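Report on the following structure.
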Amino acid sequence: MTSIPLEYYLILSAFMFSVGVTGVLIRRNAIVVFMCIELMLNSANLTLVAFSSFLGNPIGQVFVFFVMTVAAAEAAVGLAIIIAIFRNKLSVNIDEINIFKW
Amino acid sequence: MNLEIILFIVLALVAVVSSVAMITRPHPVISAVFLILNFFALSGLYLLLNAQFIAVVQVIVYAGAIMVLFLFVLMLLNTNKEDNIFKQNKALKIFAIAIAVLIFAQVAFLIFFSSPSDALNSQVAESVQSGTIQQIGTKLYTDYILPFEAAGFLLLAATIGALVLSKKKFE
């Protein structure tokens, strides 16, 4: 389609996904962990848009639209849960949120 | 070297650097700002891929709505910054980075050895056509009307859920 090969976009997307995984595993602040999940969702979106564009098929972009909807819903509910936890524990450090740990 | 490749390299570099900066800055607000920068770079990449509608929605919904929500929660909670991200619990951190490198190596291996672009022969005209708001709107309101309604219902449920969860007391 363009002068840029599809593989470049896929590699960029894979890199961003791995950075998101690293962030989820090393960060201790629950809100930053949430932001890393958004980063991973975005890297998946980049893959979808790249394939959609290279195939000349709009359905991939329709799917990206739904992914964004789910991400918005997830952010709203997740942040509400974080606020509720903060109200009880006065902390968002995920090492201290371990009430389900046996 | 034409303008398209230069733009791709600049935007990809911004995306990579801002994502790495996001997970290494100790202060959560600075992480959020780097994530917004990353979203803008991605929006530019979507424009390079002829996906105009998604590029605009990316800026409005992600960089606008979702990140403002994050920044509001950060402001309300006033969390202190995470010093020594890499100092404490070192074995776990090294393990985490090893896992991420493994994931990246695996995906990159698949991408290089399957070379997915050989299988597609796309035309520029088709690609430009597919990213317009007209095409996406037509698909969304004809073939995908049921998922579209479900997405609307999901957003309603999420709004009510967020309200219930952030009430002062659970009854």
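We did not get these values from a lab; they are worked out from the coordinates using the rules stated. Everything numeric in this text was worked out from a predicted model, so none of it was measured. Note that we place each Cβ from the backbone using ideal geometry, even for glycine, and neighbour counts take in every protein chain shown.
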Item checked: Inter-label distance, nm, simple model (7 Å from Cα along the C-beta direction), residue B:103/residue A:96 -> 2.7
Notebook entry, point to check: Which values, in whole Å and largest first, are the semi-axes of the equivalent ellipsoid of region B:1-89 obtained as the square root of 5 times each eigenvalue of the Cα gyration tensor?
Noted result: 29, 18, 7
Margin query: If each residue of separation counts as 0.36 nm, what is the full-extension length gain between residue B:56 and residue B:113 once their alpha-carbon separation is subtracted?
Written below: 17.2 nm
Checklist line | Loop-located trypsin sites (Lys or Arg not before Pro) in region B:1-95, at most 11 other Cβ atoms within 10 Å (DSSP) | finding: B:87
Check: To the nearest 10 degrees, how steeply does helix A:6-26 sit against the main Cα axis of chain A, on a 0 to 90 scale?
Finding: 10
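Do the alpha carbons of any pairs in A:89/B:93; B:139/B:167; B:139/B:168 sit beyond 32 Å of each other, and which pairs?
On the way: A:89/B:93 25 Å; B:139/B:167 39 Å; B:139/B:168 42 Å.
Where the Cα-Cα span goes over 32 Å, the pairs concerned are B:139/B:167; B:139/B:168.
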Check: So if R0 is 30 Å, what FRET efficiency would residue B:16 and residue A:89 give, r being the distance between their Cβ atoms, rounded to the nearest 0.05?
Finding: 0.30
Check: Applying 1/(1 + (r/R0)^6) with R0 = 30 Å to the Cβ-Cβ distance of residue B:167 and residue A:7, what FRET efficiency is obtained, to the nearest 0.05?
Finding: 0.05
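Expressed as a rounded percentage, what relative contact order does chain B have, with Cα pairs under 8 Å and six or more residues apart?
20
Return the loop-located chymotrypsin sites (Phe, Trp or Tyr not before Pro) in region B:1-106 (DSSP other than H, G, I, E, B) with at most 16 other Cβ atoms within 10 Å of their own Cβ; answer none if there are none.
Counting only loop positions with at most 16 other Cβ atoms within 10 Å, the chymotrypsin sites (Phe, Trp or Tyr not before Pro) in region B:1-106 are B:86.
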Checklist line | Cα gyration tensor category, rounded, prolate or oblate, for region A:28-93 with a/c compared to 1.5 | finding: oblate
Note to self: Only Cα pairs within less than 10 Å get springs; with that Gaussian network setup on chain B, which residue of B:73, B:101, B:17 has the largest fluctuation?
What the structure shows: B:101
Next item on the list: On a 0 to 90° scale, report how tilted helix A:59-89 is relative to the longest principal axis of chain A, with both axes built from alpha carbons and the result rounded to the nearest 10.
Entry: 10
Check: From the backbone phi of region B:48-53, what are the Karplus-calculated ³J(HN,Hα) couplings (6.51 cos²θ - 1.76 cosθ + 1.60, θ = phi - 60°) in whole Hz, Gly and Pro given as x?
Finding: 4, 8, 6, 10, 5, 4
